[in-house]
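The values are calculated or read from the model by the stated rules, or taken from the named source; none is laboratory data. Note that the coordinates shown come from a computational prediction; the quantities given were computed from them, not determined experimentally. Counting neighbours? That spans all protein chains shown, and the Cβs are built from the backbone with ideal geometry, glycine included.
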Amino acid sequence: MSDITRSQDFTREEVGLALRNHGMHLEGLRYPVTPIGMHYLLIHFDIPFVDPTTYELPVEGSVRSPLRLTLDEIKARPAVTAQVMMECSGNGRASLHPRAISAPWQDEAVGCAEWTGTPLGPILEEAGMLDEAVEIVFTGHDRGVDDGVEHYYERSLSVEEALREEMLLAYGMNGQPLPPQHGAPLRLIVPDWYGMASVKWLKRIIVLNEPFDGIQQTAKYQYKSSKEDPGTPITHKTPHALMIPPGVPDYLSRTRHLKPGRVSIQGRAWSGRSPIERVEFSSDGGLTWEDASLGEQAGRYGWAGWSCEWEAREPGEYELCVRATDAAGNTQPLAPEESWNYGGYQNNTVQRVCVIVE
């Protein structure tokens, strides 16, 4: 099978991926903290069974004092709870043309949960990383074949990045023990980055003296203009806003139906690069824009609520759009062509919702 297609028909394999990996229902944007069952899921291989009663996390490699921590020992350490907005780097892939053959996300590969765990940095410092340490590799218990290579899912961070105080080894989600599908008994949370960095079902942590070249680090999750382009690594989330689709939906097309009158439009916005500074709303497909009211962001790594009033007085068809701008000046593009890349990553094109006012 080719790894890119010009057809907008989804393959049988892509439908299978969509059934295994669900997105967040957009009406779930009403919740400041996404309920566990609504939070998006991307599971590369199988959900491994890891017995929490016998679980141990080795911290080894280029360190002076290798560690082997049980789950109880990790839980006995200082605990932190933080809201973190998480997004799959392939979110929006289905709207690109031609598109990469992979999980066919539309806009729903998102969620904002409260994660509880212990900071990663003190554990690495206790292990005593040697001066020549360059990267930290996080290996999951999930194993499979990708691009013809059998491997455990592994990702790395630079030493500087891994020592940031917000990096978390999480064992709780929304006040409950971490569910199996979200990485139980222990996972990594990398707040500003796309979700691929937050390795689940942690098997081990290895400190390396050289850059890590695993397939999920160097072959996957690269922003490429063509198959031959070596690409640049996907890292921080770009600004993105989503609205709760108003009215009621058509069962199959999801076109929205509304009665005439004033309509309250609400949603959430986020960026992994800088705090959200502005959200704009359009009822004419992006020809004209008006500022929405921006609420407070849920901590540094959560999302911000926004709202506006739309006067939907004239019957007819409308295309509603929303876009976010962060404090660094990054703004969502209007057309998928502006976000196109070979792997279908990091597509933060503005959301478009078709509405019929009756």
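Here is a check on your reading of the model: is residue 134 touching a strand residue (DSSP E or B) at 6+ places or on another chain (Cβ under 7 Å) and surrounded by fewer than 19 Cβ atoms within 10 Å (Cβ to Cβ)? Here the answer is yes, as residue 134 does meet what is asked. Among the residues of segment 227-237, those that are out of contact with any Ser or Thr (no Cβ under 7 Å at 6 or more places or on another chain) and either of a type in the set (D, E, K, R) or farther than 19 Å from residue 91 by Cα (or both) comprise 227, 228, 229, 230.
The number of residues in segment 146-178 that are out of contact with any Ser or Thr (no Cβ under 8 Å at 6 or more places or on another chain), touching a residue at least 40 places away in the same chain (Cβ under 8 Å) and small (Gly, Ala, Ser) comes to 2. Where residues in segment 212-231 are under 23 Å from residue 129 (Cα atoms) and in contact (Cβ under 8 Å) with a residue 40 or more places away in the chain, which of them is farthest from the chain's Cα centre (by Cα)? Checked segment 212-231; the qualifying residue farthest from the chain's Cα centre (by Cα) is 212. All conditions in (1) without any contact (Cβ under 8 Å) to a residue 60 or more places away in the chain; (2) crowded, with 20+ Cβ neighbours inside 10 Å; (3) not acidic (Asp, Glu) hold for residue 346, with the sole exception of (1). Of all residues assigned to segment 326-343, none qualifies as being hydrophobic (A, V, I, L, M, F, W, C) and crowded, with 19+ Cβ neighbours inside 10 Å. Taking residues in segment 1-29 that are assigned to a helix (DSSP H, G or I), and partners anywhere that are surrounded by fewer than 11 Cβ atoms within 10 Å (Cβ to Cβ), the pairs with Cβ atoms closer than 9 Å and at least 6 places apart or on different chains are 13/1. In the set (1) within 30 Å of residue 242 (Cβ to Cβ); (2) out of contact with any Asp or Glu (no Cβ under 8 Å at 6 or more places or on another chain); (3) among the β-branched types (Val, Ile, Thr), residue 81 fails one condition alone, (2). Filtering segment 41-59 to residues that are surrounded by fewer than 19 Cβ atoms within 10 Å (Cβ to Cβ) and in a strand (DSSP E or B) leaves 56, 58. The set of residues in segment 187-211 being more than 20 Å from the chain's Cα centre (by Cα) and not in a loop (DSSP other than H, G, I, E, B) consists of 203, 204, 205, 206, 207, 208. Check segment 75-94 and report whether any residue there is at pLDDT below 95 and farther than 30 Å from residue 211 by Cβ. The answer is yes, given that some residue of segment 75-94 is at pLDDT below 95 and farther than 30 Å from residue 211 by Cβ. Would a scan of segment 307-321 turn up a residue that is under 30 Å from residue 82 (Cβ atoms), over 18 Å from the mean Cα position of the chain (by Cα) and either at pLDDT 95 or above or outside the structural domain of residue 252 (by TED's automatic domain parsing) (or both)? Yes, that holds for at least one residue. Taken over segment 88-124, the criterion of being within 28 Å of residue 55 (Cβ to Cβ) and either in a strand (DSSP E or B) or without any contact (Cβ under 8 Å) to a residue 12 or more places away in the chain (or both) is satisfied by 111, 112, 113, 114, 115, 116, 117, 118, 119. Within segment 275-288, the only residue that satisfies the criterion of being surrounded by fewer than 17 Cβ atoms within 10 Å (Cβ to Cβ) and either of a type in the set (Phe, Trp, Tyr) or more than 14 Å from residue 350 (Cα to Cα) (or both) is 275. When 68, 77 are checked against the criterion of being surrounded by fewer than 19 Cβ atoms within 10 Å (Cβ to Cβ), without any contact (Cβ under 8 Å) to a residue 40 or more places away in the chain, of a type in the set (Lys, Arg) and in contact with a Pro (Cβ under 9 Å, 6 or more places away or on another chain), a single residue qualifies: 68. On the stretch given as segment 169-186, residues that are part of a loop (DSSP other than H, G, I, E, B) and over 11 Å from residue 36 (Cα atoms) total 4. The strands (runs of 3 or more DSSP E) found entirely in segment 232-279 that carry 1 or more residues being without any contact (Cβ under 8 Å) to a residue 60 or more places away in the chain are 261-270.
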